[in-house]
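Accompanying notes for the structure given below.
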Amino acid sequence: GTFLVLTSVSAAAVLAAVSFIPLYLVDVHGYAEHNAAIGVALFYSTGLWSAVAGGYLSDRIGRVRVVVLFGLVAGPAVAFLDLTGSTIVVMGLLLLLGAGMYARAPASESYVVGHTPARKRSTVLGFYYFGSMEGSGVLAPVVGYLVDHYGFHTSFVITGLGLLAVACVCAAVLLHGSRAD
């Protein structure tokens, strides 16, 4: 359960924040509307290589560690999206978030398959996919509300710190006394 919470909340929070990147680039960085999707395209383009890298890394350091690392890095990365004011830093953070997001997936799926009885695997994987993907649909209106009422800076910081808090609690539970496979 703790592992599913960590991987799902991490994915959902990152996807919810990234969904506002085009609006952020237009409103804050002055991008033309037709060019603003470049940040999202950059984020998703990392899936071409980082899933393979994530699988390789999870074979070397362990599946739990890959997912914990993503949660611990993604929280501050989301929080820093608007702290520098630099478009180059924003694009770098989107690359980092995208790479981590897609590296997390094979580690998560492998962990679920390896730690779930065969007769329950499909159900548990269903919860994993639901939490990761549909969770962002639940969090997106919350992030949107924060953007509308407090601005991008505050919404990214709150989202990032919330993600970091969840990651720290889950990491403590998952890594305490385990072999972190």
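The values are calculated or read from the model by the stated rules, or taken from the named source; none is laboratory data. Computed from a prediction, not measured in an experiment: that's the story for all the values here. For neighbour counting, all protein chains shown are included, and Cβ atoms are generated from backbone atoms with ideal geometry for every residue, glycine included. Accessible surface is based on the protein model in full, side chains and every heavy atom, while ligands, DNA and RNA are left aside. Shrake-Rupley method; radii C 1.70, N 1.55, O 1.52, S 1.80 Å.
Hey, among SER132, SER122, SER108, SER155, which residue is over 20 Å from GLY55 (Cα atoms), open to solvent by less than 20 Å² (accessible area, probe 1.4 Å) and assigned to a helix (DSSP H, G or I)?
SER155
Quick one: which of LEU146, LEU125 is more than 28 Å from LEU93 (Cα to Cα) and out of contact with any Gly (no Cβ under 9 Å at 6 or more places or on another chain)?
LEU125
For the range 43-56, state whether one or more residues are closer than 16 Å to TYR128 by Cβ, buried (at least 20 other Cβ atoms within 10 Å of the Cβ) and of a type in the set (S, T, N, Q).
No, the range 43-56 has no match at all.
Any idea how many residues of the range 74-87 are modelled with pLDDT under 90 and either among the basic types (Lys, Arg) or on the phi < 0 side of the Ramachandran plot (or both)?
The number of residues fulfilling the criteria is 5.
Please specify each residue of the range 62-105 satisfying the condition of being in a helix (DSSP H, G or I) and in contact with a His (Cβ under 8 Å, 6 or more places away or on another chain).
Within the range 62-105, ASP82, THR87, VAL90 qualify.
Looking only at the range 1-25, filter to residues that are β-branched (Val, Ile, Thr) and open to solvent by 40 Å² or more (accessible area, probe 1.4 Å); which one of those is farthest from SER132 (Cα to Cα)?
Checked the range 1-25; the qualifying residue farthest from SER132 (Cα to Cα) is THR2.
Can you pull out the helices (runs of 4 or more DSSP H) entirely within the range 20-61 that have at least 3 residues that are within 27 Å of VAL142 (Cβ to Cβ)?
Those helices (runs of 4 or more DSSP H) span 21-27, 38-45.
With respect to SER132, determine if the residue is in contact with a helix residue (DSSP H, G or I) (Cβ under 6 Å, 6 or more places away or on another chain) and not aliphatic (A, V, I, L, M).
It is true that SER132 is in contact with a helix residue (DSSP H, G or I) (Cβ under 6 Å, 6 or more places away or on another chain) and not aliphatic (A, V, I, L, M).
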